Each structure stands twice: as C-alpha cells, then as structure tokens.
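**Student:** Pasting in a structure now, in structure tokens, and then I'll have a few things to ask.
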Amino acid sequence: MKPKFVEREQPRMLQELTEFLSIPSISALPEHAGDCRRAAQWLERHLKELGCPVVNLIEGPGHPVVWAESPRVPDAPTLLIYGHYDVQPPDPLDEWTTEPFKATVRDAKLYARGSSDDKGQVFCLLKAYEAVLDPKGQPPLNVHFIFEGEEESGGKVIFELLRNEPERTRADAALVCDMSYYAPGWPGVYTALRGLCYAEISVRTLERDLHSGTYGGVAPNAIETLVRILSELKSSNGKIRIPGLYEAVKPPTKAELDTWNNLPFDREDFLRSEVTGKKLTGLEDRSVFERVWALPTFEIHGIKGGFTGEGAKTVIPAQATAKVSLRLVPGQGFEEVGRALEGAVAAVAPDWADVKVTLLHGGDPVQVDVDAPAFAVLDEAFEEVVGRSAVRVRAGGSIPIVPELGLAGAPVILTGIGLPDDGLHSPNEKLDLAQLWSGIEIFGRFFELFAEKAGGRAYSSSSGEIRLTGPE
C-alpha cells in the first residue's frame, strides 16, 4: 500500500463518500429510478478515474449493473468484487437525527442511509484498490468489479446478466463486503446466509368501505380479518405455524454450535444496544444465535388499509394488505416455502373473504465452505491490521446474488467492516469512521497478499464451494 495513504487522504475520501451517500438511490421506489442511475453513473465515473480501461453500465429491465475491469496484470490472480449501490427507504423520517441523505459526522461516526449497507463498504473497497495502485496506475492483481442497483428490492438485472454470461464470474475468488464484524475488534467471515421469501397477503371483505355507524357489528372488517389471519401464522411464543416448515431445517453442526458458544456475548447488552427493546422474543428453548442464524423467521413489515390520516374517518375498510417475509435456513427452499405459505393462508382464511398471497421476491439460503486458501489470506490481512483473524459465523440476513457469483467455481468470501449497532434498514444508520479507515488498510493488504500468494494458481479449483441449501 502507498505509505500513509489512509491518513493523508482522509479529508478527500470523506468528501467523496459524502457525495456518493447524498444520492437517494432507493431501488424499491419507482420515483427514485433516476437517482439509482445517478448512483450507477457516480460509480462509473469513479472507476474510470481509478484507471479501469473497461467500465460499462449494463442495462436491463431495472436499474443498471456497473461492470469494470482493472488494467490487465499477466500471471496474476483475478478477484471479483461485488457490492450494491441501492439503499433502503429512509422511513420513518422523523426518527432521523439528521437528514438521511446528508451525511453527517457525529462522534467519529458517519450517519446516512447507505453508510454501512452498502455504499460505505463499496467505497471502502474502491479506496483499498486505489491504495495499492503503483505510480503507473497498475494494481498488483486483476480486479473485476460488479455493482448492482437492486439488491434491496429483488430485481433481476444482475441475475439475468450472470446466468446469460457466466464467464463474468471466472475468478480466483469473489469478495463481498456487505457484512459486519461479529463485535468491535472481532472481524467475521460468514459461513451461511439465510434465504428470503417476501410476500404480500391481501384481503378484501367488501366492495367498498362502509360507514361504521350504519354497518358496524355486521359488516366484515378487512383489517380485522387480515390481523386474525396473521395471528394464525405465528404463535405468541414465536413458533411459525406453517406446516412442514421446521421439518425441513438442517440443524447447525456440533462444531458450529461449539464455536457460537465460545463467542463473547452479553445478552443484556445485545438487548439494550442492538435490539433496543425491553425483551427478546421467539423460541425460548433455543439460543439467541440459533434464533437469528439457524432457524426460520416470519415477520410482518407493514399493514396498509382503511384510514390512517390526521383526524377521524369512521369507516369499515373493505381491503387490507400486509407485507411479510420469511427468512429461510439450510434445508429450506424459497419456492417450497412460498407454496407452503400460500397453503397456510388458504387454510385459515374465512370463506367470506377474498384472500390472496403474492410472492414478490426471494432466494434460497446459502452455505459457504470457508476452507479455500483465499480465506486464510484474508485472515492474514485481518491479523496484520486488526490483530485477530476472522471468526466463522452465520448471518441472519440475505444476499440473493451470492450463489451466482460462484457459478464458475470461485470461492465467495462474505465479510465486511460494519458493526452490529450500525442500524441497517433503520433510522440513523451509521458507519464508524475508524472501521472505514482500517477497512481500507485490511482490504488493501488482502489485495497485496492475494497477489503474492495466489500467483498464477486458480484458487477456484480448490475448496470454497457455495451450496444452495434448499431441499435435496
């Protein structure tokens, strides 16, 4: 790495990241399609400024994919870097201390939507790449960049691209920096991601809203009907009432459970600092780690219907919709769980209501073999910069494109520089600047070590298999 690169360039880098974060690239909202394109163009321009001779915006039925290739380095390994430039909606806005798309530094933390998920981490990798360029702009290895704009909304552009052109995934390793440390000072490498089944459940009980004074007591209320259906799908103790759901779960190995039991964990601090509630819910006979990493979940994200404006309007709503999701674990498949959800809703829906389940998007859970040599190289970089190699843990979240990144056999490294309290998808999302600066050093060192240790060997011929873990 260039001597004192991070220390010297901090002001410039902070300004650049602030500019990137100012773009409200909310992929789920059609009115922000132009902003998503602006974010893609920001990356396109930045990659050209870094000297990439190949930089393309690849179009499709959604937001563009950014593809770039570094200058060619003969006999050096190739690293494929993935990230996403789209972000979650910032709602509720009144809970933000400062504006979500005006990055603000408070107490050495950078607050903005996308600061940790995933613009800040994408930026970290770009700056790590810049830090290892020689005076002629040549990197020590070949790097291919692929950044999508639909990770947060389940778009298909990148899926179609990689399935039609799997040669783009030919690399000695793929690096995904969209995760967090297990705890401060404890970097993580992830051995599994949960899958996702995201759906809408809609209910119609009447042709139109009715006056609650005239028809209250006899007319079926759509919101009430929807709430009763939802309550049938999950018990008060957290058990999901979808037939066959738990039977398909592939339990964690004894080695995994032993590793988790030896991790530092303060339950009360977790409740207070991360969950920010008064009680942990869910299956009490399972550990917190099992509940967030190794068991399926069912969550209600929002309910729409009736009157929610200021003042009063006494109506019996005719229609209501809930957005829900299930997180899936090894052994479960998105399509099978989607069908099971449809069946479970149909079984509890009253015959006088029109009830429909619409599957919006999802993906299967993933397990990663972390025995490939590339993981040891990353551990060496973590040890040099942080003083500790990465712990092997699972993640409760989902990154649907991960299996596609390994189509050509490259081991996929799931890691990141975030912290558990970064507030992903929440108001006041943040990234600790110390994590950003050290992350640039970590990944810069990883690039150098990977170039030295991989040489011309194909790491993809080693271990590092990614497995979809739906039903056999």
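The values are calculated or read from the model by the stated rules, or taken from the named source; none is laboratory data. Note that the coordinates shown come from a computational prediction; the quantities given were computed from them, not determined experimentally. A quick note on method: Cβ atoms are made from the backbone with ideal geometry, for glycine too, and the neighbour counts reach across all protein chains shown. Just the protein is used for accessible areas: all its heavy atoms, side chains included, with ligands, DNA and RNA removed. Shrake-Rupley method; radii C 1.70, N 1.55, O 1.52, S 1.80 Å.
**Student:** Tell me the per residue accessible area of the range 313-378 using a 1.4 Å probe; a whole number in Å² is fine.
**Tutor:** Counting only protein heavy atoms, the per-residue value for the range 313-378 is 39 Å².
**Student:** Show me, for the range 307-319, the HN-Hα J-couplings you get by feeding each phi into the Karplus relation (A = 6.51, B = -1.76, C = 1.60, θ = phi - 60°), rounded to Hz, glycine and proline as x.
**Tutor:** 10, 10, x, 5, x, 10, 8, 8, 10, 9, x, 8, 9
**Student:** Over the C-alpha atoms of the range 196-289, what are the Rg and the largest Cα-to-Cα span, Dmax, in Å?
**Tutor:** Looking at the range 196-289, its Cα Rg and Dmax stand at 20.4, 64 Å.
**Student:** Which GluC sites (Glu not before Pro) from the range 196-268 combine a DSSP loop assignment with at most 10 other Cβ atoms within 10 Å?
**Tutor:** GLU207
**Student:** Give, in whole angstrom and from largest to smallest, the semi-axes √(5λ) of the equivalent ellipsoid of the range 101-253, with λ running over the eigenvalues of the Cα gyration tensor. Please report the intermediate quantities before stating the final value.
**Tutor:** Details: eigenvalues 420, 97, 75 Å².
They are 46, 22, 19 Å, listed from largest to smallest.
**Student:** About its Cα centre, what dipole magnitude does the range 163-220 give when the only charges are +1 on Lys and Arg Cβ and -1 on Asp and Glu Cβ, stated in debye to the nearest 20?
**Tutor:** Dipole of the range 163-220, to the nearest 20 debye: 80 debye.
**Student:** What does the charge count near PHE447 come to, summing +1 for each Lys or Arg and -1 for each Asp or Glu among other residues with Cβ under 14 Å from its Cβ?
**Tutor:** Working: positive: LYS2, LYS127, ARG445, LYS453; negative: GLU130, ASP134, ASP172, GLU380, GLU384, GLU441, GLU448, GLU452.
Its environment carries a net charge of -4.
**Student:** Continuing with the same structure: Mind checking the per residue accessible area of the range 109-263 for me, 1.4 Å probe, whole number of Å²?
**Tutor:** Counting only protein heavy atoms, the per-residue value for the range 109-263 is 40 Å².
**Student:** I want to check the label-to-label distance for ALA312 and VAL54. Put each point 7 Å from Cα in the C-beta direction and report it in nm to one decimal.
**Tutor:** 6.7
**Student:** List, in order, the whole-Hz ³J(HN,Hα) value for each residue of the range 116-130 obtained from phi through the Karplus relation with A = 6.51, B = -1.76, C = 1.60 and θ = phi - 60°; use x for Gly and Pro.
**Tutor:** 10, 10, 9, 4, x, 6, 4, 4, 4, 5, 4, 6, 5, 4, 4
**Student:** In terms of the ratio Rg/(2.2 N^0.38 Å) built on C-alpha atoms, what value belongs to the range 25-85?
**Tutor:** Relative to the rule-of-thumb radius for its length, the range 25-85 sits at 1.28.
**Student:** Tell me the volume per residue, in Å³, of the convex hull enclosing the alpha carbons of the range 212-354.
**Tutor:** Each residue corresponds to 144 Å³ of Cα convex hull volume.
**Student:** For ASP134 and TYR246, FRET efficiency with R0 = 41 Å and r from the beta-carbon atoms, rounded to 0.05?
**Tutor:** Efficiency for this residue pair is about 0.15.
**Student:** Please quote Rg/Rh for the range 1-138 to two decimal places, taking the Kirkwood radius as Rh and restricting both calculations to Cα atoms.
**Tutor:** 0.99
**Student:** Show the residues, 5+ positions off or on another chain, whose built amide H is closer than 5 Å to the amide H of ILE417.
**Tutor:** HN-HN under 5 Å from ILE417: MET179.
**Student:** Okay, moving on. With charges only on Cβ, +1 for K and R and -1 for D and E, what is the dipole size of the chain about its Cα centre, in debye, rounded to 20?
**Tutor:** Details: 49 positive and 69 negative charges, 66 e Å.
With only Lys, Arg, Asp and Glu charged at Cβ, the dipole is about 320 debye.
**Student:** Once Rh is set to the Kirkwood radius over Cα pairs, what Stokes-Einstein translational diffusion coefficient, in µm²/s, holds for the range 330-380 at a temperature of 4 °C and a viscosity of 1.567 mPa s?
**Tutor:** D = 90 µm²/s.
**Student:** Given the Cα-Cα distance of ASP285 and ALA346 and 0.36 nm per residue of separation, how much length would full extension add, in nm? Present the calculation step by step, with values, prior to reporting the outcome.
**Tutor:** Working: separation 61, 0.36 × 61 = 21.96 nm, distance 2.96 nm.
Separation in residues times 0.36 nm, less the Cα-Cα distance, equals 19.0 nm.
**Student:** Next question, about the same structure. Given the peptides 182-191, 80-89, arrange them by the average over their residues of other C-beta atoms within 10 Å, most packed first.
**Tutor:** On the way: 182-191: 19.8, 80-89: 25.1.
Ranking, from highest mean packing down: 80-89, 182-191.
**Student:** Could you work out the per residue convex hull volume over the alpha carbons of the chain, in cubic angstrom?
**Tutor:** Roughly 157 Å³ of hull volume per residue.
**Student:** Something else: Using the Kirkwood radius over Cα pairs, work out the Stokes-Einstein diffusion coefficient for the range 117-170 at 20 °C and 1.002 mPa s, in µm²/s as a whole number. Before the final figure, lay out each step's value.
**Tutor:** Working: Rh = 13.3 Å.
Rounded to a whole number, D works out at 161 µm²/s.
**Student:** Pairing the Cα long axis of helix 222-233 with the longest principal axis of the chain, what angle in degrees results, from 0 to 90 and rounded to the nearest 10?
**Tutor:** Compared with the principal axis, the helix lies near 60 degrees.
**Student:** So for the range 400-447, what percent of the C-alpha to C-alpha distances run longer than 14 Å? The partial results should precede the final answer.
**Tutor:** Numbers: 730 of 1128 pairs.
Of all Cα-Cα pairs in the range 400-447, 65 percent lie more than 14 Å apart.
**Student:** I'd like the Karplus ³J(HN,Hα) series for the range 275-290: coefficients 6.51, -1.76, 1.60, θ = phi - 60°, whole numbers in Hz, and an x wherever there's a Gly or Pro.
**Tutor:** 6, 6, x, 9, 7, 7, 10, x, 6, 5, 7, 10, 5, 4, 4, 5
**Student:** From the P(r) of the range 1-52, could you give the percentage of C-alpha pairs in the tail past 15 Å?
**Tutor:** So the portion of pairs separated by more than 15 Å is 59 percent.
**Student:** Quick check: at a probe of 1.4 Å, how many percent of the accessible area of the chain sits on carbon and sulfur atoms?
**Tutor:** Whole-percent figure for carbon plus sulfur exposure: 49.
**Student:** Using 1/(1 + (r/R0)^6) with R0 = 35 angstrom and r between the beta carbons of GLU167 and ARG38, what's the FRET efficiency to the nearest 0.05?
**Tutor:** 0.75
**Student:** Right, another one. If you place +1 on the Cβ of every Lys and Arg, -1 on the Cβ of every Asp and Glu, and leave all else neutral, what size is the dipole of the range 174-325 about its Cα centre, to the nearest 20 Debye?
**Tutor:** 320
**Student:** Using the structure shown, select from LYS48/LYS430; LYS102/LYS136; LYS127/LYS323; LYS48/LYS119; LYS279/LYS323 the pairs with a Cα to Cα distance greater than 26 angstrom.
**Tutor:** LYS48/LYS430; LYS102/LYS136; LYS127/LYS323
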